[in-house]
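First the structure, in the form of structure tokens, and then the observations on it.
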Amino acid sequence: MTLQVELLEESFEKIKPRADEFATRFYGYLFGDYPEAQPLFANTNMEEQKNKLFKSLVLVVNNLRKPNELTNPLKGLGARHVQYGALPQHYPMVGKSLLKAFEAILKDDWTPEVKQAWIDAYAAITKLMLEGADYPEEIYRM
């Protein structure tokens, strides 16, 4: 799969100035749409978690042009998420919540092409994280 790097970079530049709002919306959607995900964050400082989420997105977007730089960090992130209780079925919940947050912030800039670029990027991220989590290869669809 070839990612639409320019679309991802351009759309993320519009998100950066609103990082806190983006992260707040993301967790609002995640917990509102999928209350079963909330216990995973029971002992989490949510302000720190919002920063971690956004820093992870920055890492990904900043390294889209050198994807080999992302393999080990994303596999490591997947391995750590196992320790937090994350399961493969949580990944689509997170993906859908991310898309809703992007759409809410980007508004008219959330085109079908931008949406597809983020769907493809999230699928690639998920594949690496699940590999790092040592889950069997699964066909992933959001």
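Key figures
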quantity: Filter result for the condition that a residue is modelled with pLDDT of 95 or more, surrounded by 14 or more Cβ atoms within 10 Å (Cβ to Cβ) and within 20 Å of M129 (Cα to Cα), over Y27, Y34; calculated: Y27
quantity: Matching entry among W118, W110 (being crowded, with 19+ Cβ neighbours inside 10 Å and not small (G, A, S)); calculated: W118
quantity: Any hit, the stretch 129-140, residues being assigned to a helix (DSSP H, G or I), of a type in the set (A, V, I, L, M) and at pLDDT below 95; calculated: yes
quantity: Those residues of the stretch 59-68 which are surrounded by 14 or more Cβ atoms within 10 Å (Cβ to Cβ) and assigned to a helix (DSSP H, G or I), in sequence order; calculated: L59, V60, V61
quantity: Check on P73, not in a helix (DSSP H, G or I) and not aliphatic (A, V, I, L, M); calculated: no
quantity: Filter pass, G132 being crowded, with 18+ Cβ neighbours inside 10 Å, of a type outside the set (A, V, I, L, M), within 17 Å of L8 (Cα to Cα) and touching a residue at least 12 places away in the same chain (Cβ under 8 Å); calculated: no
quantity: Filter result (among the hydroxyl-bearing types (S, T, Y), outside any helix (DSSP H, G or I) and under 16 Å from the mean Cα position of the chain (by Cα)) within the stretch 1-53; calculated: Y34
quantity: Residue within the stretch 10-22 that is charged (D, E, K, R) and either under 13 Å from I125 (Cβ atoms) or touching an Asp or Glu at 6+ places or on another chain (Cβ under 8 Å) (or both) present; calculated: yes
quantity: Members of the stretch 62-103 found to be touching a residue at least 60 places away in the same chain (Cβ under 8 Å) and among the hydroxyl-bearing types (S, T, Y), listed by number; calculated: S97
quantity: Sole exception among (1) aromatic (F, W, Y); (2) in a loop (DSSP other than H, G, I, E, B); (3) under 15 Å from the mean Cα position of the chain (by Cα) for Y122, by number; calculated: (2)
quantity: Count - residues of the stretch 70-95 that are of a type in the set (D, E, K, R) and more than 13 Å from L40 (Cα to Cα); calculated: 1
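The values are calculated or read from the model by the stated rules, or taken from the named source; none is laboratory data. Note that the structure is a prediction, hence the values are computed from the model and not measured. In this analysis, Cβ positions are derived from the backbone assuming ideal geometry, glycine residues included, and neighbour counts consider all displayed protein chains.
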